[in-house]
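Report on the structure given below.
The values are calculated or read from the model by the stated rules, or taken from the named source; none is laboratory data. Note that the structure is a prediction, hence the values are computed from the model and not measured. Backbone-built Cβ (ideal geometry, glycine too); neighbour counts: all protein chains shown. Just so you know, the surface numbers come from the protein's heavy atoms only, side chains and all, with ligands and any DNA or RNA stripped out. Shrake-Rupley method; radii C 1.70, N 1.55, O 1.52, S 1.80 Å.
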Amino acid sequence: MGILLAIAGGIMLGFWAMPEKYIKNYAFENAWGLCYLFMLWVFPFIVAFSMIHDFSNVLTDVGAPVLLKMLIPGFLWGVGMMLWGKAINYIGMSLGFSIFIGTIIVVGSLLPWGLSGLPQIEGGGIHTGKIFTILFGITIILIGIIFNGRAGILRSAAEKTKDNSAEGNMLTGIIIAVVGGVLCTGFNVALEITHNGEVAKNIIGDTIVAHGNEPWLASVASMFIVYVSGGVFVVPYFMIMLSKKKLWGKFKVPEAGKNISLTSFMAALNFVASIVFAYSSFVLGSEGGSIGYAIFNTLSVVTAVSAGVLTKEWSGAPQKAKIALYLGLASMIIGVLVIAFL
């Protein structure tokens, strides 16, 4: 069940940026600023306070020390999310997802071992077989990321203009995607961080149940904390950029209603996908931060790459680029299967 939930959440996450393709006459700051406002603050507040009984007291009982420990990685995750949007604008959805999420998988799947310890076998001792299996799967996924990066370079060379802008944009986009991916591992750190020897997600789960709520609502509470923390940086950043570039008036376009609907749909997809993953992480227990996280993120890449192909993002790319892209996609799927079932 935990693996199936991680797969479902990953598929939802893979589609979340697709509506951005159909937003018209909005600058980057208008489209993504509105999306992040809905995603990081509006939806989390509405969902958490409407679904969780006595939520204010739940947060109080979780305690300031735990909330503060989750705030810092959540804040860094927010910075990474903002960079994700920029990377997609530079290098497209399929490649942007591949490099960004690939970085998250490689770094984020290993972080819980540093936070909560290595996988253990019953009765004590390190589970070396499980460790090598997970590392083997992540290595295969990393090979897929390299193939996808190669696909992007080949596509860039084919689209290269006289002023070399395509090549420069591709390199810039790849760098942004990698840096953003590293910062976005704060999402997993926030859930797996410990306080007095207990994992944060478990503390939240126990508190949720103690206040008469269903256990699965712990995932909603966890995502509320992470998303609101991320918004502490992202929302003010976009407000400053909108003012600096004098783009507030840009919201008033004939397509405003459609654009608002699309950005709110993007926000809903992202937030719900994260709730589904958070619940899968609770179900998987100690494996949620490594196995579940790798599956969740890899399936989002598979979905995003497939969506990019279907929307003809790669229609003008040379055959070698497409072959590299498909090899990368296949490698990532094999890596997930290794982690999930071996």
>> Take the residues in segment 171-197 that are more than 29 Å from Leu68 (Cβ to Cβ) and surrounded by fewer than 23 Cβ atoms within 10 Å (Cβ to Cβ); name whichever of them is modelled with the lowest pLDDT.
In response: Leu171
>> Would you confirm, using the coordinates I've provided, whether Ile334 is closer than 20 Å to Met1 by Cβ, assigned to a helix (DSSP H, G or I) and either out of contact with any Leu (no Cβ under 7 Å at 6 or more places or on another chain) or open to solvent by 10 Å² or more (accessible area, probe 1.4 Å) (or both)?
In response: no
> If you check Ser222, Ser243, which single one turns out to be open to solvent by 50 Å² or more (accessible area, probe 1.4 Å), among the small types (Gly, Ala, Ser), part of a helix (DSSP H, G or I) and without any contact (Cβ under 8 Å) to a residue 60 or more places away in the chain?
Replying inline: Ser243
> If you check every pair at least six apart or on different chains, which have Cβ atoms under 8 Å apart with a residue in segment 125-136 that is outside any helix (DSSP H, G or I) first and a residue that is open to solvent by less than 40 Å² (accessible area, probe 1.4 Å) second?
Replying inline: Ile126/Pro119; His127/Pro119
>> Six or more apart or on different chains, Cβ atoms under 9 Å: show the pairs whose first residue is in segment 157-184 and under 17 Å from Val106 (Cβ atoms) and whose second is modelled with pLDDT under 80 and open to solvent by 70 Å² or more (accessible area, probe 1.4 Å).
In response: Ile174/Ile153
> Just to be sure, is Met223 over 19 Å from the mean Cα position of the chain (by Cα) and either modelled with pLDDT under 95 or over 17 Å from Asn57 (Cα atoms) (or both)?
Replying inline: no
> Can you name every residue in segment 46-76 that is within 30 Å of Tyr22 (Cα to Cα) and either open to solvent by 10 Å² or more (accessible area, probe 1.4 Å) or touching a Pro at 6+ places or on another chain (Cβ under 8 Å) (or both)?
Replying inline: Ile46, Val47, Phe75, Leu76
>> For the structure I just gave you, tell me whether Phe296 is under 30 Å from His127 (Cβ atoms), surrounded by 16 or more Cβ atoms within 10 Å (Cβ to Cβ) and of a type in the set (Phe, Trp, Tyr).
In response: yes
>> For segment 91-106, check the following and say yes or no: at least one residue is within 30 Å of Ala340 (Cβ to Cβ), over 16 Å from the mean Cα position of the chain (by Cα) and either hydrophobic (A, V, I, L, M, F, W, C) or open to solvent by less than 10 Å² (accessible area, probe 1.4 Å) (or both).
In response: yes
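Residues are listed down the side, and each one gets a yes or a no for (1) touching a Ser or Thr at 6+ places or on another chain (Cβ under 8 Å); (2) under 30 Å from Thr207 (Cβ atoms); (3) touching a residue at least 12 places away in the same chain (Cβ under 8 Å); (4) basic (Lys, Arg):
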residue	(1), (2), (3), (4)
Ala17	no, no, yes, no
Ala27	no, no, yes, no
His53	no, yes, yes, no
Asn57	no, yes, yes, no
Ile101	yes, no, yes, no
> What do you reckon, is Phe282 more than 15 Å from the chain's Cα centre (by Cα) and either charged (D, E, K, R) or open to solvent by 10 Å² or more (accessible area, probe 1.4 Å) (or both)?
Replying inline: yes
